[in-house]
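**Q** My questions all concern the structure below.
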Amino acid sequence: MNKFKTKYGYFDKNGKEFVITTPKTPRPWTNVLTNGDFGCIVSQTGSGYSWKTNAQLNRITRWEQDLIKDEWGKYLYLRDDETKIFWSAGWKPVCAEPEQYEVRHGIGYTNIHSKNNGIESDLLMFIPNDAPVEIWKVTLANTTRKEKKLSLFSFFEWNLGAAPDWHREFHKCFINTTYDSALGTIWGTKRLWEVPSSNGHWNRNWEYVAFHTSNIKPSGFDCDKESFMGMYESLRAPKSVAEGKLKKQSGNSLDAIGSLHVKIKLQPNEKKEIIFLLGAAENKNDAKRFLTKYKSLKEVRKAFDEMQARWNTMLNAMEIHTPDDAANIMLNTWLKYQAIAGRLWGRTGYYQTGGAFGFRDQLQDSQIFLPIDAEKTKNQIALHARHQFKDGTVYHWWHPLSEVGLPTEMTDDLLWLPSIVKSYLLETNDKTILDLREPFLNDENAVSLYEHCVRAIDKVLTRMSPRNLPLIGAGDWNDGLSAVGLEWKGESIWLGQFLYQILLDFLPIAEARNDEQRVKKYREASAALLEAVNTCGWDGKYYLGATKDSGEKLGSASSSEGKVWLNTQTWSVINNIADEQRGHQVMDVVENLLEHKAGTVLLSPGYKTPDTKIGYLTRYASGMRENGGTYTHAATWSVIAHAKLKRAKAAYRSFSKINPIVRGMDPDEYVAEPYVTPGNIDGPDSRFYGRGGWTWYTGSAAWLFKAGTDWILGVRAEEKGLLLDPCIPKEWKGYTVKRIFRGAVYHIVVKNPKNVSHGIRNISIDGDEKDLRADSYLLPVFDTGTTHEIIVTLG
């Protein structure tokens, strides 16, 4: 059964594949395939790029960002050697009109099916779990009554290092290609890598060996773009493909490509499978081991099964079933997949080709692993601790491989370390993490993770205004506020709200460690902060956004533009700054002034005039991204705030408005992929109101998962157990959750016979039933390895 079908595609019956039925989607609709080290991204046309470890510093293939043409990629041409007609396995680059075309973006793989000139082809692309290899398994079937003699030509451009490769005439001087006829393999190396070197500027080899091969011995090869394409020709009709023969050029100083020519014969109704491999290893011996292994169809099938098993283990750790199938598909599959593949492992996309770790970014993303495999969250925490300075400050981002990072005067980055540590403690109660010892960036002497956390907190406490509000510096969570506090006078109300709860969270931790000085300090600071935010940060009807260095209020009714900001309203509720009455008041403001058809916008009205004392946020057109658009990362927090106040209708409505499946039902307005969250959706001030963009590489996926599972379904970790605290649409008759918590499996069935949104009337735990009259119930911690049945009746 097809689900959520539009003219461009649909979800399969399990929601684990999105099936695209035409190559001409409104924008490139992509998939990110990665094993955590090697990866590639592929669009519905067959375009995309590959990388190892870092998609910016270690790009294997060339790609330029052009979402209109989408014609940079790794391609496979098919040619009928008798008629001399050729086409491509994906739609690009030939753009022939196929008799059939279907792309299945799945979990860890993409399959492109097409039929051209009586030949059906399936191009399956995936990455094995533990090898730096990209596998293309091509299945060809002859549906005609005649024997077919076919040629297959692979094509891509070598990048081999930092991207974008903007100065090709320079970089091509350092790339060398060779052809190994015994192995049927093209080798690619480069004698320059634009990463820091102890030997001086640009004086380091690219430290890998790239390879491209096939399981069928090629009849030809080419490593020269000029001879493959022909001068002034195009990839739509390259000279070599038209002629049916490659020129066998290789060596240095070429405009380096990789192309193999494989010939096959197909009898009527015959089917054959061909394998192409693309990869990069640390040395040629390793590369030979990988290519030898994966030339085997048996090994390829085994690797595909193992890849799927790995993903199924992660995705099936927590499963939910509700009356809303759009929520089920996103919460069970695609939000987890996006956060892990796109943000944590790949750290790249089509709208933003990245590769770096953001200090705040991947820490927040790692929350996706808490109910799946909390050890991976712990590892992420440790990694980020190692990218902190002794004084508590941190890199805003850093690049793996080079370890080059950006020291920052952004003022929230460092606080996400203690924030996520607290989330980890709630999930696991593993207090030994606080004794985990890690060094600093500028001091190899390791200290406890507790010390790392409190140094971050203490640093922020040194950056307070005379009114006891945190200074905003070069921006708080909102990077676009890049000039509000460059003189270290401007204040951030949101940062005060964020810091307040962290101080409260670390009070008992400091007490348990007999850190009496910090206990006193944090208790006094939290009380002063609460008072300051609720007085100096209050604008009369809602919370201010910030103050400039000049003292001018931002996000105020007195402002000419940007009168009300979202984050200071939502976080006043999330972090217990506002009392219940004030909480409802500010969330009424959110509903009335910030919530629109495409979600809750970050501020309103948008800035129409650039303001050099606010920052680049004001330089976006009004209604775009942070300037009055729905910034989905922040919009998820409105879901949490509504749910915390038991505003069930508003919470679910806000969740649904940014669910990409819901938005994607009007695909020509929304344009973005309907299976992953966008970074932003244009707001009402934009001429493109409702348009999605910046998909895959956004922090919204992990937070939307958390908003849905922890706050709407209300199954979330607490120190002493697993809390049941539903806040659902009253129309729902019930839902189920399978949740692993501290090694035990909780099968939770929630029934709603009286059509209420919250409130537990009865609970049964392994058959032991009790009546309740409570909003929530704390399930106990069960023994590791045990399974328990919980039935909850609302009413």
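**Q** Six or more apart or on different chains, Cβ under 8 Å: which pairs go from a residue in the range 244-263 that's closer than 22 Å to Arg168 by Cα and outside any strand (DSSP E or B) to one that's charged (D, E, K, R) and open to solvent by 50 Å² or more (accessible area, probe 1.4 Å)? Could you list them?
**A** Close Cβ pairs satisfying both conditions: Leu254/Glu226; Asp255/Glu226.
**Q** Please pick out the residue among His113, His105 that is over 25 Å from Glu207 (Cβ atoms) and without any contact (Cβ under 8 Å) to a residue 60 or more places away in the chain.
**A** Unique residue meeting the criteria: His113.
**Q** Can you pull out every residue in the range 759-774 that is open to solvent by less than 80 Å² (accessible area, probe 1.4 Å) and either without any contact (Cβ under 8 Å) to a residue 12 or more places away in the chain or over 22 Å from Pro371 (Cα atoms) (or both)?
**A** Within the range 759-774, Gly759, Ile760, Arg761, Asn762, Ile763, Ser764, Gly767, Leu772, Ala774 meet the criteria.
**Q** Something else about it: Could you list, ordered by first residue, the pairs with Cβ atoms under 9 Å in which the first is in the range 435-450 and within 20 Å of Gly405 (Cβ to Cβ) and among the charged types (D, E, K, R) and the second is in a strand (DSSP E or B) and at pLDDT 95 or above, at least 6 apart or interchain?
**A** Glu438/Gln388; Glu438/Ala446; Glu438/Val447; Glu438/Ser448
**Q** Quick one: in the range 19-44, of everything that is within 14 Å of Val671 (Cβ to Cβ) and of a type in the set (D, E, K, R), which residue is surrounded by the fewest Cβ atoms within 10 Å (Cβ to Cβ)?
**A** Looking at the filtered set, the residue picked out is Lys24.
**Q** Let me ask you something else. Yes or no: the range 428-441 includes at least one residue that is within 30 Å of Pro780 (Cβ to Cβ) and within 25 Å of the chain's Cα centre (by Cα).
**A** Yes, there is a match, as at least one residue in the range 428-441 is within 30 Å of Pro780 (Cβ to Cβ) and within 25 Å of the chain's Cα centre (by Cα).
**Q** Would you say Ser234 is in a strand (DSSP E or B), under 39 Å from the mean Cα position of the chain (by Cα) and polar (S, T, N, Q)?
**A** Against the criterion (in a strand (DSSP E or B), under 39 Å from the mean Cα position of the chain (by Cα) and polar (S, T, N, Q)), Ser234 does not qualify.
**Q** Looking at this structure, is Gly629 in contact (Cβ under 8 Å) with a residue 40 or more places away in the chain, open to solvent by less than 10 Å² (accessible area, probe 1.4 Å) and over 30 Å from Asp549 (Cα atoms)?
**A** no
**Q** Please pick out the residue among Ala717, Ala701 that is in contact (Cβ under 8 Å) with a residue 24 or more places away in the chain and part of a strand (DSSP E or B).
**A** None of the others qualify; the one that does is Ala717.
**Q** Residue check, Glu673 against (1) open to solvent by 10 Å² or more (accessible area, probe 1.4 Å); (2) charged (D, E, K, R); (3) part of a loop (DSSP other than H, G, I, E, B), all met but one. Which one?
**A** Only one criterion is unmet by Glu673, namely (1).
**Q** For the range 583-616, how many residues meet the condition of being touching a strand residue (DSSP E or B) at 6+ places or on another chain (Cβ under 8 Å), of a type in the set (A, V, I, L, M), outside any strand (DSSP E or B) and under 13 Å from Leu566 (Cβ atoms)?
**A** Residues in the range 583-616 being touching a strand residue (DSSP E or B) at 6+ places or on another chain (Cβ under 8 Å), of a type in the set (A, V, I, L, M), outside any strand (DSSP E or B) and under 13 Å from Leu566 (Cβ atoms): 7 in total.
**Q** Within the range 153-175, is there a residue that is crowded, with 16+ Cβ neighbours inside 10 Å, of a type in the set (Ser, Thr, Tyr) and assigned to a strand (DSSP E or B)?
**A** yes
**Q** Just the residues that are assigned to a strand (DSSP E or B) and in contact (Cβ under 8 Å) with a residue 60 or more places away in the chain, please, taken from the range 380-398.
**A** Selection gives Gln388, Val394.
**Q** Additional query: Are there any pairs, at least 6 apart or on different chains, whose C-beta atoms fall under 8 Å, with the first in the range 4-30 and on the phi > 0 side of the Ramachandran plot and the second assigned to a loop (DSSP other than H, G, I, E, B) and among the β-branched types (Val, Ile, Thr), and if so, which?
**A** That search, which allows pairs on different chains as well, returns Gly9/Thr21; Gly9/Thr22; Gly9/Thr25.
**Q** Separate question: Restricting attention to the range 94-115, which residues are open to solvent by 10 Å² or more (accessible area, probe 1.4 Å) and part of a strand (DSSP E or B)? Step through it out loud before you land on a result.
**A** The initial filter retains those residues of the range 94-115 that are open to solvent by 10 Å² or more (accessible area, probe 1.4 Å), namely 94-102, 104, 107, 109, 111, 113, 115.
Those that are open to solvent by 10 Å² or more (accessible area, probe 1.4 Å) and part of a strand (DSSP E or B): Gln100, Tyr101, Glu102, Arg104, Tyr109, Asn111, His113, Lys115.
**Q** Further, regarding this structure: Would you please list the contacts, defined by Cβ atoms under 6 Å and residues six or more apart or on different chains, that run from a residue in the range 203-217 that is over 18 Å from Ala256 (Cα atoms) and in contact (Cβ under 8 Å) with a residue 60 or more places away in the chain to a residue that is open to solvent by less than 10 Å² (accessible area, probe 1.4 Å) and not in a loop (DSSP other than H, G, I, E, B)?
**A** As it stands, the answer is Ser214/Leu260; Ser214/Val262; Ser214/Phe276; Asn215/Ile275, since those pairs meet every condition given.
Okay, residues lined up against (1) free of Cβ contacts under 8 Å to residues at least 12 places away in the same chain; (2) buried (at least 23 other Cβ atoms within 10 Å of the Cβ); (3) not in a loop (DSSP other than H, G, I, E, B):
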{"position": "Ile320", "(1), (2), (3)": "no, no, yes"}
{"position": "Leu331", "(1), (2), (3)": "no, yes, yes"}
{"position": "Ala341", "(1), (2), (3)": "no, yes, yes"}
{"position": "Thr353", "(1), (2), (3)": "no, no, no"}
{"position": "Ser366", "(1), (2), (3)": "no, yes, yes"}
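**Q** Would a scan of the range 469-486 turn up a residue that is surrounded by fewer than 21 Cβ atoms within 10 Å (Cβ to Cβ), closer than 26 Å to Leu593 by Cβ and among the β-branched types (Val, Ile, Thr)?
**A** no
**Q** Do we find that Ala280 is open to solvent by less than 60 Å² (accessible area, probe 1.4 Å), closer than 22 Å to Leu192 by Cα, in contact with a strand residue (DSSP E or B) (Cβ under 7 Å, 6 or more places away or on another chain) and part of a helix (DSSP H, G or I) in this structure?
**A** no
**Q** With Gly693, Gly664, Gly679 as the choices, which residue is under 20 Å from Lys336 (Cα atoms), out of contact with any helix residue (DSSP H, G or I) (no Cβ under 9 Å at 6 or more places or on another chain) and of a type in the set (Gly, Ala, Ser)?
**A** On the way: Gly664 fails: out of contact with any helix residue (DSSP H, G or I) (no Cβ under 9 Å at 6 or more places or on another chain); Gly679 fails: out of contact with any helix residue (DSSP H, G or I) (no Cβ under 9 Å at 6 or more places or on another chain).
Testing whether each residue is under 20 Å from Lys336 (Cα atoms), out of contact with any helix residue (DSSP H, G or I) (no Cβ under 9 Å at 6 or more places or on another chain) and of a type in the set (Gly, Ala, Ser) leaves just Gly693.
**Q** Shifting gears a bit: When Trp694 is evaluated against the numbered criteria (1) open to solvent by less than 10 Å² (accessible area, probe 1.4 Å); (2) farther than 16 Å from Lys646 by Cβ; (3) not basic (Lys, Arg), which criterion, by number, is the only one it fails?
**A** It is condition (1) that Trp694 fails.
**Q** Now for a different question. Sort through Val781, Val756, Val792, Val749 and tell me the only one that's touching a residue at least 12 places away in the same chain (Cβ under 8 Å), part of a strand (DSSP E or B) and either touching a Lys or Arg at 6+ places or on another chain (Cβ under 8 Å) or under 21 Å from Val639 (Cα atoms) (or both). Don't jump to the end; show me each part of the working.
**A** Working: Val781 fails: part of a strand (DSSP E or B); Val756 fails: part of a strand (DSSP E or B); Val749 fails: either touching a Lys or Arg at 6+ places or on another chain (Cβ under 8 Å) or under 21 Å from Val639 (Cα atoms) (or both).
Answer to the check: Val792.
**Q** Kindly indicate which of Tyr675, Tyr631, Tyr735, Tyr689 is of a type in the set (Ser, Thr, Tyr) and in contact with a Ser or Thr (Cβ under 6 Å, 6 or more places away or on another chain).
**A** The match here is Tyr735.
**Q** Return a yes/no flag: does the range 180-198 have any residue that is under 30 Å from Glu270 (Cβ atoms), touching a residue at least 60 places away in the same chain (Cβ under 8 Å) and open to solvent by 20 Å² or more (accessible area, probe 1.4 Å).
**A** yes
**Q** What single numbered condition from (1) surrounded by fewer than 23 Cβ atoms within 10 Å (Cβ to Cβ); (2) outside any helix (DSSP H, G or I) fails to hold for Ser526?
**A** (2)
**Q** Would you say Asp479 is touching a Ser or Thr at 6+ places or on another chain (Cβ under 9 Å) and touching a residue at least 24 places away in the same chain (Cβ under 8 Å)?
**A** no
The values are calculated or read from the model by the stated rules, or taken from the named source; none is laboratory data. Here the structure is a predicted model, which means the values were calculated and not measured. Reconstructed Cβ throughout: ideal geometry from the backbone, glycine too, with neighbour counts over all protein chains shown. These area figures cover heavy atoms from the full protein model, side chains too; ligands, DNA and RNA do not enter into them. Shrake-Rupley method; radii C 1.70, N 1.55, O 1.52, S 1.80 Å.
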